[in-house]
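Please treat every number below as a calculation from the coordinates, not as lab data. Quick caveat, the model's predicted, so the values are computed rather than measured. No Cβ is skipped: glycine too gets one built from the backbone with ideal geometry, and neighbour counts run over all protein chains shown.
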Amino acid sequence: MDKPELNIQSENVDSLSSALEHYLYINNYRELGYILKSLVKVAQTALVAEIESPDFIEHDKWDIYNLLTLIKNLIPEEELEWLDKLMDRDK
């Protein structure tokens with residue numbers, strides 16, 4: 001399955017790059033889980049803000065799309081399949 005590309009506006013490239021540098025080395029899957037939960041909460045908050053206070057938001061729909069794409073790309077699919085195999089073996 002092809003991974004969708006981020007639609008990054010030029011003014012956001014530097015801040016996104018510096019933020020991602022911190023998360024390039026995730027120490028373990030628990031840490032990854034916390035990061036994914038945090039990113040999901042931010043996306044949820046952004047969506048609620050659009051509904052509740054549309055005049056005060058600073059993000060656009062592409063920002064939310066990019067965030068959700070990042071979350072999707074961070075999900076360790078191969079490891080999840082491996083965990084399923086382990087669970088099936090233990091049954």
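The convex hull drawn around the Cα atoms of the stretch 44-91, when projected onto a plane and averaged over every direction, covers 4.7 nm². Relative to the Cα centre, the charge distribution of the stretch 29-91, modelled as +1 at Lys and Arg Cβ and -1 at Asp and Glu Cβ, gives a dipole magnitude of about 260 debye.
Subtracting the Cα-Cα distance of Ile51 and Asn28 from 0.36 nm times their residue separation leaves 4.7 nm of extension gain.
Derived scalar couplings between HN and Hα for the stretch 75-89 equal 6, x, 4, 4, 5, 5, 5, 4, 5, 4, 5, 5, 5, 5, 5 Hz in order, rounded to whole Hz, by the Karplus curve 6.51 cos²θ - 1.76 cosθ + 1.60 (θ = phi - 60°), x for Gly and Pro.
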